[in-house]
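Structure first, commentary second.
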Amino acid sequence: MKPKIVRSIEGLHRETAKWRDDGLTTAIVPTMGALHQGHLTLVAEGLEHADRVIVSIFVNAKQFGANEDLSRYPRDEAGDVAKLAEAGAHLIFAPPEKEMYGRNFATTVVLKGPAKANLEDKFRPHFFDGVATIVAKLFIQSGADFAIFGQKDYQQLQVVTHMARDLDMPIEVIGVPTVRASDGMALSSRNQYLTKTERKQATAIYKSLTQAAEKIRNGTDPQKAMRAASRSLTTLGFKVDYVTARNAETLAVPVSHSHEPLRLLAAAWLGKTRLIDNIEV
Ligand code: PAF
């Protein structure tokens, strides 16, 4: 069945109030559209946890820097609606910009902790304040019981989880493993910017992370393994922003010889496209 498309906060409240009256639980999957199988997996996860699934589609200008790809960010609402109908989502919340940031909007969520880990925040300084602000609004507007995020944007998942906990938001944030193509490449809306040749080269990111994880499991010092991964990506023509091992929860640099859980994270440019990926050890 085609999901209902709602464009106003008032309309969203009307729909969710009916569900609440009927004793139904709700999950929200926040997205910026251009949906791929990764997003549809998040919808499936939402359906596992809740009776009703809302998917928000909103390209959030506040999380883009001045020279980032806001204007060329892919948009395909009709395609997204068809995919969400197939996936069994119940409601699409696709508000216009003025509905979300109208009326002299003047509030931003300011973050510390995993949002200041010298990872994405170093290269995209406004990104997490923008993400947290829109995500906080979506949590409040939807009143959802569950929020479903992909582990692909691992730092974002940690930031949002932390925010919900710190601000006592009555919502459970659930992280879903990254969906990958058969060659290991993490699915992302930005992959469509890659040329055919770049798309083939891009698998090197996942390969270098999995090789580093293997070395770490066999006793190599994590940062040494990550430096080797970074060098190999540079040799292959990537411009590396970071390739690093971090504490899986705090995203702090791990203490050497500790047995803390590790996450290996990478961000690198291939031509004009910035790619990110991460894996657990
Ligand atoms: O991951 C995304 O697509 C965005 O950062 C999000 C969470 C929808 C907020 O705009």
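The values are calculated or read from the model by the stated rules, or taken from the named source; none is laboratory data. Treat the numbers as computed from the prediction; the structure is a model and nothing was measured. Every residue, glycine among them, receives a Cβ derived from its backbone with ideal geometry; neighbour counts consider all protein chains shown. Side chains included, ligands, DNA and RNA excluded: accessible areas come from the protein's heavy atoms. Shrake-Rupley method; radii C 1.70, N 1.55, O 1.52, S 1.80 Å.
Structure notes:
- The Kirkwood radius of the range 197-281, taken over pairs of alpha-carbon atoms, gives through the Stokes-Einstein law at 37 °C and 0.692 mPa s a diffusion coefficient of 256 µm² s⁻¹.
- The range 76-151, relative contact order in percent, only Cα pairs under 8 angstrom and at least six apart counted: 21 percent
- Among beta bridges that DSSP assigns inside the chain, antiparallel share in %, nearest 5: 45 percent
- A simple charge model with +1 on the Cβ of Lys and Arg, -1 on the Cβ of Asp and Glu and nothing else charged puts the dipole of the range 129-281 at about 900 debye relative to its Cα centre.
- Cα-based shape type of the range 164-234, given that a ≥ b ≥ c are square roots of the gyration tensor eigenvalues and the cut on a/c is 1.5: oblate
- Cα lying deepest toward the dipole's positive end in the range 20-109, options Leu35, Val59, Gly46, charges on Cβ: Val59
- Taking the range 109-156 and dividing mean pair separation by its residue count, relative contact order in percent (alpha carbons under 8 Å, at least six apart): 44 percent
- Positive-end residue, the chain charge dipole about Cα centroid, Cβ charges, pick of Asn191, Ala136, Phe238: Phe238
- Legend: residue pairs Lys62/Lys137; Lys98/Lys152; Lys18/Lys62; Lys98/Lys122; Lys122/Lys152; Lys152/Lys207, Cα-Cα distance threshold 20 Å; pairs beyond threshold, Lys98/Lys152; Lys18/Lys62; Lys98/Lys122.
- Cβ crowding within 10 Å averaged over residues, with 40-51, 184-195 ranked highest first: 40-51, 184-195
- Remark on Tyr73: its backbone amide H falls under 5 Å from none of the residues 5 or more positions apart or on other chains, H modelled at 1.01 Å from N.
- Dividing the mean sequence gap of close Cα pairs (under 8 Å, 6+ apart) by how many residues the chain holds gives a relative contact order of 17 percent.
- In the chain, the C-alpha radius of gyration followed by the widest Cα-Cα span (Dmax) gives 19.1, 59 angstrom.
- Apportionment of accessible area to carbon and sulfur, the chain, percent (1.4 Å): 52 percent
- Cα-based equivalent ellipsoid of the range 107-177: semi-axis lengths in Å, sorted from largest, via gyration tensor: 19, 14, 10
- Put a plus charge on the Cβ of each Lys and Arg, a minus charge on the Cβ of each Asp and Glu, and nothing anywhere else: the dipole of the chain about its Cα centre is then about 1000 debye.
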